[in-house]
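Trainee: My questions all concern the structure below.
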Amino acid sequence: IFHTFEIDKSRDWYNRENEGVGHWFEKMESISPFCKSFEYNVFTKDTYDFIGSFINKYKTLIICDGGNKPREVALYSALLKSGDMIMAHDYGNEITDSDIDFNILTEHEPFCSRFVENKTLFKAFVKK
């Protein structure tokens, strides 16, 4: 299952300078019943519970790429099961180690340092 969440698809999906990826997600939705996009705020309780219901059922990878990545990492890392992963995008640009509350990630360990070394702008953590 691949789900993506945007607060405002009309703004974020098509108009991000050099990024508007909404057309790719729409294409994936049109060819697979397992791909779905939602126009939800990831910081509301309803969305948190909705996402949590999928985490309980499936092996999970969460990619944090919104406007408040440290908050996303802090919020959703707590929901993960052993072996699930959380990644922050734009690492080194929009988010750094100083932005992460590592006290929250005590049950997680860094995963695949090559993401950072190869300048993919991702930093990943796997739940122990």
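The values are calculated or read from the model by the stated rules, or taken from the named source; none is laboratory data. Given the structure is predicted, the values throughout are model-derived calculations rather than measurements. FYI the Cβ positions are ideal-geometry reconstructions off the backbone, even for glycines, and counts take in every protein chain you see. What goes into the accessible areas is simple: the full protein's heavy atoms, side chains included, and nothing from ligands, DNA or RNA. Shrake-Rupley method; radii C 1.70, N 1.55, O 1.52, S 1.80 Å.
Trainee: Of the residues His23, His108, His89, which exhibits the maximal mean-square fluctuation in a Gaussian network model of the chain defined by a 10 Å Cα contact cut-off?
Mentor: So, out of His23, His108, His89, the one fluctuating most is His23.
Trainee: Mind telling me which of Glu94, Glu26, Glu109 comes out most flexible in a GNM of the chain, alpha-carbon contacts under 10 Å?
Mentor: Of Glu94, Glu26, Glu109, the Gaussian network model singles out Glu26 as fluctuating most.
Trainee: Something else: Going by accessible area, probe 1.4 Å, with all protein chains left in place, what is the ranking of Ile86, Ile1, largest first?
Mentor: The most accessible residue leads, giving Ile1, Ile86.
Trainee: Continuing with the same structure: In whole Hz and in residue order, list the ³J(HN,Hα) couplings for region 43-57 that follow from phi through the Karplus curve 6.51 cos²θ - 1.76 cosθ + 1.60, θ = phi - 60°; x for Gly and Pro.
Mentor: Values, residue by residue: 9, 8, 4, 4, 5, 4, 5, 4, 5, x, 5, 7, 4, 5, 9 Hz.
Trainee: Now for a separate question. Order Leu79, Leu105, Leu61, most accessible first, counting only protein heavy atoms with a 1.4 angstrom probe.
Mentor: Values: Leu79 45, Leu105 10, Leu61 95 Å².
Of Leu79, Leu105, Leu61, the descending order of accessible area is Leu61, Leu79, Leu105.
Trainee: Moving on. Using the Cα centre as the reference, give the magnitude of the dipole from point charges on the C-beta atoms of the chain (Lys, Arg: +1; Asp, Glu: -1; all else neutral), rounded to the nearest 20 debye.
Mentor: 460 debye
Trainee: Taking K and R as +1 and D and E as -1, what net charge do the other residues with C-beta under 15 Å from the C-beta of Ser98 add up to?
Mentor: Details: positive: Lys69, Arg71, Lys123; negative: Asp90, Glu94, Asp97, Asp99, Asp101.
Around Ser98, the charge tally is -2.
Trainee: Direction-averaged shadow area of the convex hull around the Cα atoms of the chain, nm²?
Mentor: So the mean shadow area of the Cα hull is 8.1 nm².
Trainee: If you take the alpha carbon radius of gyration of region 64-106 and divide it by 2.2 N^0.38 Å, what ratio comes out, to two decimals?
Mentor: Dividing the Cα radius of gyration by 2.2 N^0.38 Å gives 1.09.
Trainee: Roughly how much of Glu39 is accessible, in Å² to the nearest 10, using a 1.4 Å probe?
Mentor: Its accessible surface works out to 100 Å², give or take rounding.
Trainee: Continuing with the same structure: Roughly how many Å² of Val126 are accessible to a 1.4 Å probe, to the nearest 10?
Mentor: Surface open to solvent at Val126 totals about 20 Å².
Trainee: Could you work out which residue, out of Ser32, Ser77, Ser53, moves most in a Gaussian network model of the chain, that is, has the largest mean-square fluctuation with Cα springs under 10 Å?
Mentor: Judging by the Gaussian network model, the answer is Ser32.
Trainee: Determine the sum of side-chain charges near Asn56: Lys and Arg each +1, Asp and Glu each -1, restricted to other residues whose C-beta is under 13 angstrom from that of Asn56.
Mentor: Taking every other residue near Asn56 into account, the sum is +1.
Trainee: Taking the Cβ of Lys128 as the centre, find all other residues whose Cβ is under 12 Å away and add up their charges (Lys, Arg: +1; Asp, Glu: -1). Intermediate values should be presented prior to the final figure.
Mentor: Numbers: positive: Lys81, Lys127; negative: Asp84, Glu107, Glu109.
Surrounding charge for Lys128 is -1.
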